[in-house]
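First comes the structure, then the notes that go with it.
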Amino acid sequence: MRPFAATRVYAVARWVVPGLLAALVPVSVSAQAPAVAQTLSQANLALQAGEADKALALLQSLPQGGAQIAGAQNLACRVQYTLQNWDTAATECDQAARLDSQNAVDHQWLARALGEKASRASFLSAYSLAKQVRTEFEAAARLDPRNAEVLTDLGEFYKAAPGIIGGGGDKAQAVAAQLDKLDPARAHQLRADIAESAKDYSTAEQELKQAIATAAHPAEYWTSLASFYRRRQRWQDLDSAIQNCIGAVQKDNHPGVALYDGAGVLVESNRNPALAAKMLQDYLNSTSKTEEAPAFEAHLRLARLKKQLGDAAGAQRELAAALQLAHDYKPALDFKL
């Protein structure tokens, strides 16, 4: 799940996932492989659509709750991650990584979950957890050195983490060099984040513009640039970047998370709530929803915007839609109309 801002800036700790079943009974998957595979596919589709309750119900329908199936544990981890149940998510991710230790994605999600857990822990616990985050991200990169998303996470960790737990700008730059060969847009985004951390704002802006120029789907990188302008309080440039994001979405019909992130930038800068609401509605109406921007969270954010715009009935509908997808999502339960 993504933060409200467009940029993917992972703090030293920003990741974890769902609870282990009480008793792990070995499951013979081979005899049930077709049915299990179909259920896992359906659960993943539900996850991408933001249907958290449906995804969890499908996973729980597996034999013994799927407790000995690494793919099921990974999906459970990711569902709980979208629900912000970090401890539960971390437990599930850890079990997935133990069951399939050579799977880079399982280690990547464990690192993300542990990071979220660390960001909310006491200093001493956070220090220990952050070292585990590094270990898991590095393991993921070793197992799949051509996975651009894994490398991006590792680079962001190196950029954000202090040297005492293995971070550093030089390490992040080395990861950016690896990304040059795999995904130049991600490489430019990472270099932009490194430059901004070093307060080299001119280089950061240029790298973000290079990311836009090289991306197959530039809309998301326009939201990254808009978020950069928000932090620099360059409001006219922010507005222009948001319009370019919308234009890019319309041009290639691939909104991804760009509309969701763009709405977040507007909300964080207290600008144009009506446009932010439209962007969220367009995202929810699209066929490219993703777990990075859970539909139930988009409905909740739209509820907040409609309340701000004086549409109480609309806010109520959006809150109900959020809870229909994720009935115990705490931020929605806590929202006051």
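Table for the structure above
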read-out	value
Listed residues Ala195, Gln308, Ser227: farthest to the positive end of the dipole of the chain (Cβ charges)	Gln308
Which listed pairs, of Lys199/Lys278; Lys306/Lys336; Lys54/Lys330, have C-alpha distances above 23 Å, in listed order	Lys199/Lys278
Lys, Arg +1 and Asp, Glu -1 on Cβ, resulting dipole of the range 145-215 about Cα centre, debye, nearest 20	140 debye
Neighbour net charge for Gln233 - beta-carbon separation under 13 angstrom, K R +1, D E -1	+2
Charge dipole (the chain, unit charges on Cβ, about Cα centre) - positive-most of Leu275, Ala172, Asn103	Leu275
Residue with peak Gaussian network fluctuation, the chain [Cα springs, cutoff 10 Å], from Ala219, Ala57, Ala43	Ala57
Relative packing of 126-132, 164-170, which averages over residues the other C-beta atoms within 10 Å, highest first	126-132, 164-170
Surrounding net charge for Gly166, when Lys and Arg each add one and Asp and Glu each subtract one, Cβ distance under 10 Å	+2
Hydrodynamic radius of the range 145-215 per Kirkwood, over alpha carbon pairs, in Å	11.7 Å
Estimated dipole of the chain in Debye, rounded to 20 [Cβ of Lys and Arg +1, of Asp and Glu -1, Cα centre]	580 debye
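All of the numbers you see were taken from the coordinates with simple rules; none came from a lab. In this text, all values refer to a predicted model and were calculated from it rather than measured experimentally. Note that we place each Cβ from the backbone using ideal geometry, even for glycine, and neighbour counts take in every protein chain shown.
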